């Protein structure tokens, strides 16, 4: 019934019934915080209404206590719900028995109870998941955080009762726990199916505020409905009337919202009576209350109505139950405002939306059906709270499952309306989108039924997308679209639906492909043997399995009517199950047989390979062929296994791989591998030959139990070869008593008997290695080989047919193995570094690479001798340690001690030297430090070579076990050690154009001191060459040559201590037309006679001069570089010397010091030249050329 403004009370008895229902509704209400906060006037109105019903004093007193938040006397106590299992996740807005069970469970623990008294407390649970339930779930999650929150990466409860929360609750609630009632006389009441009473009362009304243009869901009126305790009540809709001075046109629509802000039903416009009926059928559980809000969606332009006032009053609650309460309920008067600029959004079609008509088969999962994008405007950030999709296609809700809204890979469950059309997703606490940012929202589902039906996920109204602004808090109405609704694309329209989704049609199972299975390859097949493969085909099915009532295959044979018919033919799936047959073929023509299968086959979804197998007649001749043809379009009555719908298979005829009739066959030969080679006496488990057993031309697998092989030898005794076996990979096939010890004369057959009968599968080649041990007493230059004679005695049969096979033998004596001694020779590898310089204290400096070659047998190297060979200028004190490396793996180390110039490294990881191949070992050194109280000596040349004297470098033969002492030698170039070292680098000059100009940069370079220490520089040598054309009448000259030094790469800060600032040399004033020019630092004129570059620092240098072009040259050039040194200084008794002695050497272009113990003066014997300085080649640095 509907209670309207002309409300009247029929009889006193009816009033009493209504009053009692209302009282129980209050006593058992599960109010949200908004409901609980009634004003005193509202409480007084309720009490007055009860008293007018004639309620007794105890009832009135209990109602007062309940409305004040206390616990009424005489309420029931609820036994614990346990044991109970929650299998579905619950969240705000959920309802049903699982929700009530959850509330009862939470109330069983004082730490997680929903409320201690009043609504929501023990005995007052409901089946609706509201704000109080969410708060209690958060307490539960926080209490068991380590088990509920931590596994999913959370630190605080969310109120979402998901998988981890359910798991803990299920564990705790696995057994019954009964909470006794507070009063033994109290009893619980079981709700009946249909309630008879529903009370309505105004709630705490929204705050008066502005109703701005395009504001969505502006709240006007809150009201509370309470179902009586005698059963659930369905509220069908609510009638609303607009009052106030504002016209109806200020609203674009009126909506009904639940306590979570979720819209119920669709947006409605006001009629000529200024009324609208909003909402949809909503169940109010017995004895509970629910709060609802009447909200307005504001028109986009109310500029002519700015400042007017509007109210929306509840004038009727429409239900079949008896309604009590005082109507109308007038809410808050809101002021229409056209000047406030609230947030805005722009809409788009998501890339996740197919945006075209599509077809999906039943059984397809995770189908993306519709999608939109929302872009926040510039006024404020927005929060997307919920979205409601309207499935307007012909498919029912039972045709879809797992319908979720997806945002940023997070899935949000949807709640479907009673009519199965509206799918609402509440997006947790809302998704915040920053100003100008875009977010994708799409809906996806699994298709479980509904063949030939359609799925269309529209959005009915703009306000079905619930968006609020983060600054002003108003609902934001998305803009209308301009497209036209259709079936082939998704568009936004100006009408209904606002978002029109392209149509998805549900199809029954379909065939993606049926084709020849390449995995059932063309091969040989045998006669008179069951289950011979005749070919294979592969199916690929979508949506649902397909049932086929029969199929006919044809078989083309090359033997014609002279051959027999196929028998016992089956179709076998890839799991080995027979799905059709066995049947016998019938003859269709002279060379064609027919296979008519009448079995009902179910072809599963996805790919499946089927093999056709059968038995060939025994009178088929070798070389005959069988080709099976399959015609899927002719299969009998294909239908969907789920839907029963007819399936169209359009695939026409195709042929399977050709099968060739071949009798059992075996070819036996000796492989060309291993090649003839030298081996050592005492070799163990050596492979002398590889026996090849070829059944690639056989129609069936073949088998035999023994094979005779021939051993040919020269002068050795036959007994010097022992323990001969045939190996299949690493598996010996003849063991124990079957191991062969050769006897008799050379070339005599030696029979190898297998432990188990050896089977060679058809179409394969098996290789068996002939492996024997050789006595250490065999002499060098003796020889032996293993092969097979022309007519050995072998019994070979077909595995399936048991027919005798005449094998084909390729007689061969095999490759000859000659006895020779094992040897290891060492030499210098080509990858060894040339002479180099290194800073003291450096580690892992490569001193050389040793090449080791083992001849006639692989050798395991066990130790390596090393020698400090440059005794003239180095000693063990210059080294910390030496290490040996096999690639990136350190295999050994050695330390030179005292005056010893030899050391041996017993390898921590033995190194195998392959037979007749090269192996390299890298020698690396850690250098001692140079300086005060340090052992290293400046300028020492350190060379470490292999020591092969005696047993210093030694290994063991892998096959013979013979101890091998290496021979050979290395002569490494060595490492020159300094406390620090310089590194040169060429830099670009500002210009390469030749003009007359003073202070022209003709070269630039840098020098970096190693981090180990500072370096001193005494001399550079600059080479300058000029040219001019015509040469007789024009010239290019450079004068006033200077070298300037800077501490920065921008050449702005000169080095200190020189005069003029930064200039290292006395200006070379004369003509510099070609040749080398010494740049010497002189203290008497420059202030310093050497330059110091600090450790790790880089200094930058300019070579400048005055350039003059005379005689009008048509072309010319200046070529400049820095000179290097081609050899180390020749010093009679030392590695280093003073600048004077170094300059007296032929190689004196660059003179520098590494400052061994202190900053070296020019007179100290601590200077050297530029030989092998990094970046300063002996043939000089790269030149810079300035040209005209």
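crowded, with 18+ Cβ neighbours inside 10 Å and either in contact with a strand residue (DSSP E or B) (Cβ under 6 Å, 6 or more places away or on another chain) or not assigned by TED's automatic domain parsing to the domain that holds residue 494 (or both): is that true of residue 322 in this structure?
yes
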Checklist line | Whichever residue in region 260-297 is assigned to a loop (DSSP other than H, G, I, E, B) and in contact with a helix residue (DSSP H, G or I) (Cβ under 7 Å, 6 or more places away or on another chain) and, among such residues, is farthest from residue 215 (Cα to Cα) | finding: 287
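Being in a strand (DSSP E or B) and either surrounded by 14 or more Cβ atoms within 10 Å (Cβ to Cβ) or modelled with pLDDT of 95 or more (or both) is the filter here; which residues of region 391-401 pass it?
Within region 391-401, 391, 400 meet the criteria.
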Next item on the list: Among the residues of region 934-978, write down those that are touching a strand residue (DSSP E or B) at 6+ places or on another chain (Cβ under 8 Å) and on the phi > 0 side of the Ramachandran plot.
Entry: 939, 950, 968, 974
Check: Here are some conditions: (1) assigned to a strand (DSSP E or B); (2) touching a residue at least 24 places away in the same chain (Cβ under 8 Å); (3) farther than 30 Å from residue 356 by Cα. Residue 581 meets all but one. Which one does it not meet?
Finding: (2)
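Considering only residues that are under 19 Å from residue 261 (Cα atoms) and either surrounded by fewer than 24 Cβ atoms within 10 Å (Cβ to Cβ) or touching a helix residue (DSSP H, G or I) at 6+ places or on another chain (Cβ under 7 Å) (or both), which ones fall in region 298-312?
298
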Check: Given the conditions (1) exposed (fewer than 15 other Cβ atoms within 10 Å of the Cβ); (2) more than 54 Å from the chain's Cα centre (by Cα), and given that residue 576 satisfies all but one, which numbered condition is not satisfied?
Finding: (2)
Next item on the list: Output the number of the condition that residue 1058 fails; it satisfies all remaining conditions of (1) out of contact with any strand residue (DSSP E or B) (no Cβ under 8 Å at 6 or more places or on another chain); (2) in a loop (DSSP other than H, G, I, E, B).
Entry: (1)
Notebook entry, point to check: Looking at this structure, is residue 300 in a loop (DSSP other than H, G, I, E, B), over 30 Å from residue 454 (Cα atoms) and touching a strand residue (DSSP E or B) at 6+ places or on another chain (Cβ under 9 Å)?
Noted result: yes
Check: In region 520-543, which residues are outside any strand (DSSP E or B) and closer than 18 Å to residue 651 by Cα?
Finding: 543
Margin query: Yes or no: region 923-933 includes at least one residue that is touching a strand residue (DSSP E or B) at 6+ places or on another chain (Cβ under 7 Å) and over 26 Å from residue 1096 (Cα atoms).
Written below: yes
Notebook entry, point to check: Can residue 363 be described as within 28 Å of residue 487 (Cβ to Cβ), in contact (Cβ under 8 Å) with a residue 40 or more places away in the chain, buried (at least 17 other Cβ atoms within 10 Å of the Cβ) and under 30 Å from the mean Cα position of the chain (by Cα)?
Noted result: yes
Notebook entry, point to check: How many residues, within region 463-516, are buried (at least 16 other Cβ atoms within 10 Å of the Cβ) and closer than 30 Å to residue 656 by Cβ?
Noted result: 7
Check: Where residues in region 140-167 are buried (at least 17 other Cβ atoms within 10 Å of the Cβ) and in a helix (DSSP H, G or I), which of them is modelled with the highest pLDDT?
Finding: 140
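Yes or no, residue by residue, for (1) in a strand (DSSP E or B); (2) touching a helix residue (DSSP H, G or I) at 6+ places or on another chain (Cβ under 9 Å):
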{"position": "551", "(1), (2)": "yes, yes"}
{"position": "587", "(1), (2)": "yes, yes"}
{"position": "593", "(1), (2)": "yes, no"}
{"position": "596", "(1), (2)": "yes, no"}
{"position": "599", "(1), (2)": "no, no"}
Next item on the list: Mind counting the residues in region 818-830 that are more than 55 Å from the chain's Cα centre (by Cα) and either closer than 29 Å to residue 695 by Cβ or outside any strand (DSSP E or B) (or both)?
Entry: 2
Notebook entry, point to check: Which one is surrounded by the most Cβ atoms within 10 Å (Cβ to Cβ), of the residues in region 883-940 that are more than 21 Å from residue 845 (Cα to Cα) and in contact (Cβ under 8 Å) with a residue 60 or more places away in the chain?
Noted result: 913
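Rundown of residues vs (1) in contact with a helix residue (DSSP H, G or I) (Cβ under 8 Å, 6 or more places away or on another chain); (2) closer than 30 Å to residue 715 by Cβ, yes/no style:
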{"residue": "764", "(1), (2)": "no, no"}
{"residue": "768", "(1), (2)": "no, yes"}
{"residue": "775", "(1), (2)": "yes, yes"}
{"residue": "788", "(1), (2)": "no, yes"}
{"residue": "791", "(1), (2)": "no, yes"}
{"residue": "800", "(1), (2)": "no, no"}
{"residue": "805", "(1), (2)": "no, no"}
{"residue": "816", "(1), (2)": "no, yes"}
Note to self: Criterion first (more than 30 Å from residue 938 (Cβ to Cβ) and not in a loop (DSSP other than H, G, I, E, B)) does residue 1107 satisfy it?
What the structure shows: yes
Margin query: Being in contact (Cβ under 8 Å) with a residue 12 or more places away in the chain, part of a strand (DSSP E or B) and surrounded by fewer than 17 Cβ atoms within 10 Å (Cβ to Cβ) is the requirement here; does residue 420 meet it?
Written below: no
Next item on the list: Go through (1) farther than 24 Å from residue 1063 by Cβ; (2) modelled with pLDDT of 90 or more; (3) in contact with a helix residue (DSSP H, G or I) (Cβ under 9 Å, 6 or more places away or on another chain) and name the single condition residue 1131 misses.
Entry: (2)
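Being in contact with a strand residue (DSSP E or B) (Cβ under 7 Å, 6 or more places away or on another chain), crowded, with 18+ Cβ neighbours inside 10 Å and modelled with pLDDT under 90: is that true of residue 614 here?
No: the conditions fail for residue 614.
When region 465-483 is examined, which residues are found to be assigned to a loop (DSSP other than H, G, I, E, B) and closer than 18 Å to residue 251 by Cβ?
Result: 474, 477, 478, 479, 480.
The values are calculated or read from the model by the stated rules, or taken from the named source; none is laboratory data. For clarity, every value in this text was computed on a predicted model and none was experimentally measured. When we count neighbours, we look across all protein chains shown, and the Cβ atoms used for this are built from the backbone with ideal geometry, even at glycine.
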